[in-house]
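Visitor: Here's a structure for you.
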Amino acid sequence: PCRVFLTTDWEQIRKLRDVPDDAEQTESASNDWTLASPHAPTAVNLNHGLFLQCKRLKIFLDGGLGASTAALLSPYSDNPHDSGMITCRAEDLDTAFRLAWDYGYTVELHSIGDKAFEIATEQIQKYYELGKLHLPPVITHCQIIGVKGMERIASPQFPQLFLNIQPQFTKSDLPIIEKKLGGDSRVGKERVANSYCWKTLQNRVTTCNGKHRELAGGLAGGSDAPIEPARPLQGMAEAMVNLLHDDEGLNFDDALAMYTYGAARSVRADEDIYLRYVNSPISDAKVSSKKVRLGLLAHGFLADFIVTDLKKPEDILSLMSSPTPNGKPTWR
């Protein structure tokens, strides 16, 4: 078994919300949420305990770097007439944020280009100031940030934020980064300097004026599978050795935290989740009050861990491991 934290597309929630109340329902549909249901599900409705939850609403802001559809503030270096594309209209973005607030979801925004990142952070700031934002918001990919984006997320007024990054993209995109983003111009050099910079991003979202934020966010590690293989240990290794910037690699502890506690916090796995099963490793007397905590090997946390003979960072790529959800070995 594994733990699954789903993300639903915001447009699906809008479609479900807009189904008329008098729409025909079957008996089976009345106990489930389907397109025949007259009401959209809240995040609480989609909390199915230990192994299946859905608390995030996904919003796509732009495309990808390879297809030159990632939205940039300045034109691509290999095409002065192309700056990519924003894929979500301003009014739709507001609708998505309102839906997330009304139905209890955290917003997750797909952002690869620096223009998309700027829009994402502006929108997050706007709804945070309105008091209509379930923390922590998540921005996924974050490959190209830009100077303004870096400054905004470092501001003491900016809310807790998680950046869901895929370190494997650095290696995959390396052959096209300079061609599409770089060049001899000031813009190109500045843009590359603020791209794929994992260590700087971590510092921006966890500290402010040299001090640890009271409500710190952080990095969450991902793979974007099937775009990249779903191999967290490989992701850790590539986060530690940044092929684009020698000084942007994470240390082992930070790389590990990104794929464990950071990932758990980014999907709100450490809040409002209670064990509800008779065969739970926690006794029945505690089922109603024991909060589930994931992501750390510490007292009070579920025993999800792997056993390795890791001695140095590069050993990560050749490990055989034994996952143990809830402290029970499930695979060798």
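The values are calculated or read from the model by the stated rules, or taken from the named source; none is laboratory data. Because the structure is a prediction, the values reported are computed rather than measured. Please note: Cβ atoms are built from the backbone with ideal geometry, for glycine as well, and neighbour counts cover all protein chains shown. Ligands, DNA and RNA are excluded from the accessible area calculation, which covers all protein heavy atoms including side chains. Shrake-Rupley method; radii C 1.70, N 1.55, O 1.52, S 1.80 Å.
Visitor: Step through the table entries Lys55/Lys211; Lys115/Lys199; Lys171/Lys199; Lys171/Lys312, compare each Cα-Cα distance with 23 Å, and write down the pairs that go over it. Before the final figure, lay out the partial values.
Guide: On the way: Lys55/Lys211 30 Å; Lys115/Lys199 21 Å; Lys171/Lys199 16 Å; Lys171/Lys312 20 Å.
Table pairs above 23 Å Cα-Cα are Lys55/Lys211.
Visitor: What is the gain in length, in nm to one decimal, between Ala216 and Asp94 on full extension, counting 0.36 nm per residue of separation less the C-alpha to C-alpha distance?
Guide: Details: separation 122, 0.36 × 122 = 43.92 nm, distance 2.54 nm.
The Ala216-Asp94 span can extend by a further 41.4 nm.
Visitor: Right, another one. Return the long-range amide H neighbours of Val107 (sequence gap of 5 or more, or a different chain), with a cut-off of under 5 Å between placed amide H atoms.
Guide: Leu57, His134, Val138
Visitor: Here are some pairs, Lys58/Lys126; Lys15/Lys58; Lys58/Lys148; Lys58/Lys179; which of them have Cα atoms lying more than 22 Å apart in this structure? Walk me through the numbers on the way to the answer.
Guide: Working: Lys58/Lys126 18 Å; Lys15/Lys58 14 Å; Lys58/Lys148 24 Å; Lys58/Lys179 30 Å.
Beyond 22 Å between Cα atoms: Lys58/Lys148; Lys58/Lys179.
Visitor: So if I place +1 on the C-beta of Lys and Arg and -1 on the C-beta of Asp and Glu, and nothing else carries charge, what would the dipole magnitude of segment 55-163 be about its Cα centre? I want it in debye, nearest 20.
Guide: On the way: 10 positive and 13 negative charges, 72 e Å.
In total the dipole reaches around 340 debye.
Visitor: Run the dipole for segment 130-217 about the Cα centre, Lys and Arg Cβ at +1, Asp and Glu Cβ at -1, nothing else charged, and hand back the magnitude in debye, nearest 20. Intermediate results must be reported in sequence, preceding the final value.
Guide: Working: 13 positive and 6 negative charges, 15 e Å.
Value, rounded to 20: 80 debye.
Visitor: Return a whole-number percent for the relative contact order of segment 72-142, with Cα pairs under 8 Å and 6 or more residues apart as the contact set.
Guide: Relative CO of segment 72-142 lands at 34 percent.
Visitor: To the nearest 10 square angstrom, what accessible area does Asp246 show with a 1.4 Å probe?
Guide: We get 150 Å² for Asp246.
Visitor: Could you pull out the trypsin sites (Lys or Arg not before Pro) across segment 44-128 that fall in loop regions by DSSP (anything but H, G, I, E, B) with no more than 10 other Cβ atoms inside 10 Å? Intermediate results must be reported in sequence, preceding the final value.
Guide: Working: sites: Lys55, Arg56, Lys58, Arg89, Arg98, Lys115, Lys126; in loops: Arg89.
The qualifying sites are Arg89.
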